[in-house]
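The values are calculated or read from the model by the stated rules, or taken from the named source; none is laboratory data. Quick caveat, the model's predicted, so the values are computed rather than measured. Virtual Cβ from ideal backbone geometry, glycine too; neighbours counted across all protein chains shown. Heads up: the accessible areas ignore ligands, DNA and RNA and are worked out on the full protein's heavy atoms, side chains in. Shrake-Rupley method; radii C 1.70, N 1.55, O 1.52, S 1.80 Å.
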Amino acid sequence: MAASKLGKHMLQVQNYSWTDLFDLVEKKPWPGNPSPFDSVIRFKHLDDTASFAGPGIYALFFDEGLIYIGKYRGRKNNPFSGDVSRFRWDKHLGTFTMRGRNVSLPPTVLERVLATFSGDLIDQIGRGAPETIERDRGMVAGFKRVRFALENWQAFSRLGKETLARFTAVYVRVLPSPDLSAGNTEEIRAAVSAAETTLIREFLPVCNNESDRTYPYEAIPASLVAGRIQEVLRKALLRGEDPESAGRLRPEGGRDGGNHPSSEGMSISPDDFDRNEERFLDVLDPWARGFVGQLRECCDTRSDDLEVYFTAAGGADLRIRYSVPDRRARTLLTMKWQPRSQRLRCEVLADVAACRQCGFGPDQIASSTDSVMLSRLDLHSGRDQLDELMALLDRAARALTVPVL
């Protein structure tokens, strides 16, 4: 990348205990999933989202052990927006503990886990249905995360507030300034990515896919990690290029020249692929983003079998599927944002008459051109129709009498 013009910048170091950020609510696992996959992660900081806006680098700790380094770059068109806890940390919590209700394992990871490990967690995963465990729900667990959960299963098997308090986060956030604004989006995002790469190579946290570090891992002061993150971020932002590595750091501040994988041998983290939710939400206006948040909360609280997930179709979309025992999951709704008309367009597995009976107006409904869905339904800003949509989903679910692909 060419020399940067980012100029002056400000960094803010924030420290969090995850017990202050999240609540856990146990629900039945999705049909076919292992019994430990039963925790819905809820957010406590609904009125303080600005504090979690990107861009920046975060370091995650369990007790005093550094377990992960990651980046957050805000929304695609505005790096100083978004919420790192909603787009990163909740997924990390679910996969590090292997207790998230939306956890999934890719087929190659599932096969390797079952062939490599043993113990109660592995036995329960082995009793699940592979086609369900492998279904992407936006909380993808890699091999290193399963290993971490297994090593700490005595604590995670009874996951609660005491265990949650053992997770802490340091977030070094880049703040906007006269010389650093959303107009520098591409430069900022590139600099944050370069800083993350350098930091992972230096610290090799045990849950990063790029690391070959094994147990027991060493305690490391959070202040040391935060200080180094600031150094690397400043260099990346000012120089606009990959910051020079300081060598791999040991907790006492020395350098570690041991045998570690080269950058060419680094594997890609599931996080690099797990961005469909973020891509979908990035393009929504404030009304649509709020409506989708309420919809997801309703599906979590009102139902045990309505599952919200995201795919890469058409750039990214939201889908809701109906999951019940002894049946294959069936998608009831797909949702995409229409930027020109500023509306949420849904394809629904319910006919036009059902849409009308649930309270939607004729200006919102049309027959679907989709080969599977039955109706097209438009949701507009200013119309509070969450209850109507939930009633329609319930009706569509009850109408299913035959398991379908």
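Here are the numbers:
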| quantity | calculated |
| --- | --- |
| Members of the stretch 91-139 that are surrounded by fewer than 17 Cβ atoms within 10 Å (Cβ to Cβ) and of a type in the set (Gly, Ala, Ser) | 115, 118, 119, 126, 129 |
| Conditions (1) part of a strand (DSSP E or B); (2) surrounded by fewer than 21 Cβ atoms within 10 Å (Cβ to Cβ): number failed by residue 346 | (2) |
| Where residue 201 falls short, out of the listed (1) under 27 Å from residue 22 (Cβ atoms); (2) in a helix (DSSP H, G or I); (3) basic (Lys, Arg) | (1) |
| Within the stretch 29-90, strands (runs of 3 or more DSSP E) holding 1 or more residues that are charged (D, E, K, R) and open to solvent by 40 Å² or more (accessible area, probe 1.4 Å) | 39-43 |
| Number of the condition not met by residue 363 [criteria: (1) closer than 30 Å to residue 131 by Cβ; (2) in a helix (DSSP H, G or I)] | (1) |
| Residue match in the stretch 323-338 (condition: over 29 Å from residue 31 (Cα atoms) and buried (at least 21 other Cβ atoms within 10 Å of the Cβ)) | yes |
| Among residues of the stretch 200-223, those that are surrounded by 16 or more Cβ atoms within 10 Å (Cβ to Cβ) and either free of Cβ contacts under 8 Å to residues at least 40 places away in the same chain or out of contact with any Ser or Thr (no Cβ under 9 Å at 6 or more places or on another chain) (or both), counted | 4 |
| Cβ-Cβ under 7 Å pairs, at least 6 apart or on other chains, the stretch 302-318 side within 19 Å of residue 339 (Cβ to Cβ), far side open to solvent by 40 Å² or more (accessible area, probe 1.4 Å) and not in a strand (DSSP E or B) | 315/279; 316/279 |
| Among (1) of a type in the set (Phe, Trp, Tyr); (2) in contact with a strand residue (DSSP E or B) (Cβ under 8 Å, 6 or more places away or on another chain); (3) open to solvent by 10 Å² or more (accessible area, probe 1.4 Å), the one test that residue 153 misses | (2) |
| Residue in the stretch 185-192 that is among the hydroxyl-bearing types (Ser, Thr, Tyr) and crowded, with 22+ Cβ neighbours inside 10 Å present | no |
| Top-ranked residue of the stretch 8-20 - restricted to ones that are open to solvent by less than 50 Å² (accessible area, probe 1.4 Å) and out of contact with any Leu (no Cβ under 9 Å at 6 or more places or on another chain), ranked as farthest from residue 164 (Cα to Cα) | 14 |
